[in-house]
Amino acid sequence: MIAFGLVEDNERFRILIKKEISKLNYSTLVIDVVDGYELLLKLNVAKKLPDILFLDIELPKIDGLLLTSYISQVYPSIKMIGVSSHSNKALVTEVLSEGAISFISKHFTSPDSAIYKLTYGNRNVFKEAIDQTILNNTYIDDLLFNKGRELILSTSTNQTNRYESKRSS
């Protein structure tokens, strides 16, 4: 059984993502929150941490990019999939550099749309992202960046901070 977490402030997308998670017969949703602050509170008291966390990047209170960096350091067992309806190469690079394993657009919530059909055909991007994330393989959906394998990650701010603190010692 795979435990999932979801951080999404848009009610429409939360419902659609939860519906996709429920279709997986090997899953359970252990955290379902609407902002970054609520996520941190839930993680601190969780009896079961999520194996995979779907993390919206644009969130109220504490944004997803900051959360990605924090979670990768404090909860390294949680594998993160960044999710956004607004993205570009720089954002994808930054989210992956800070600790997310995968990044997908919210277009997966509309598999009957023309853009989804044109880009993915009958593929299930949501499931592909989960499968690759479980294997610790980076997954970037084609709609975001069709040359994901060529993406060059930058140095994480966590690594930069560790380097700076070692230098000043």
In segment 10-40, residues that are surrounded by fewer than 17 Cβ atoms within 10 Å (Cβ to Cβ) and aromatic (Phe, Trp, Tyr) total 2
Which of the following residues is assigned to a helix (DSSP H, G or I), open to solvent by less than 70 Å² (accessible area, probe 1.4 Å) and modelled with pLDDT of 95 or more: Leu49, Leu65, Leu91, Leu43?
Leu43
Kindly provide the set of residues from segment 85-107 that are in contact with a Lys or Arg (Cβ under 7 Å, 6 or more places away or on another chain) and closer than 22 Å to Asp51 by Cβ, ordered by number.
Ile101
Inside segment 1-24, the number of residues satisfying the requirement of being in a strand (DSSP E or B) and more than 10 Å from Asp56 (Cα to Cα) is 4
Going by the conditions given, is Lys127 among the basic types (Lys, Arg) and modelled with pLDDT of 50 or more?
yes
Top-ranked residue of segment 94-127 - restricted to ones that are open to solvent by 40 Å² or more (accessible area, probe 1.4 Å) and hydrophobic (A, V, I, L, M, F, W, C), ranked as farthest from Phe13 (Cα to Cα):
Leu118
Complete set of residues in segment 132-141 that are within 21 Å of Ser77 (Cα to Cα) and either surrounded by 13 or more Cβ atoms within 10 Å (Cβ to Cβ) or in contact with a Leu (Cβ under 7 Å, 6 or more places away or on another chain) (or both)
Gln132, Thr133, Ile134, Thr138, Tyr139, Ile140
Does Asp56 fit the bill of being acidic (Asp, Glu) and buried (at least 21 other Cβ atoms within 10 Å of the Cβ)?
yes
Using beta carbons and a limit of 8 Å, which pairs, at least six apart or on different chains, have the first residue in segment 17-34 and over 15 Å from Ile134 (Cβ atoms) and the second one hydroxyl-bearing (Ser, Thr, Tyr) and open to solvent by 60 Å² or more (accessible area, probe 1.4 Å)?
Leu29/Ser22
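Restricting attention to segment 68-88, report how many residues are part of a loop (DSSP other than H, G, I, E, B), modelled with pLDDT under 95 and surrounded by 19 or more Cβ atoms within 10 Å (Cβ to Cβ). It would help to see each step written out before you state the result.
At the first step, the residues of segment 68-88 found to be part of a loop (DSSP other than H, G, I, E, B) are 75-78, 85-88.
With the extra rule that they be modelled with pLDDT under 95, the set shrinks to 85-88.
Restricting the remaining residues to those that are surrounded by 19 or more Cβ atoms within 10 Å (Cβ to Cβ) gives 87.
Total satisfying the criteria: 1.
The values are calculated or read from the model by the stated rules, or taken from the named source; none is laboratory data. Predicted model only: the values in this text are computed from it and were never measured. Cβ sites come from the backbone with ideal geometry, for glycine too, and all protein chains shown count toward neighbours. The area values use the complete protein model at the heavy-atom level, side chains included, leaving out ligands, DNA and RNA. Shrake-Rupley method; radii C 1.70, N 1.55, O 1.52, S 1.80 Å.
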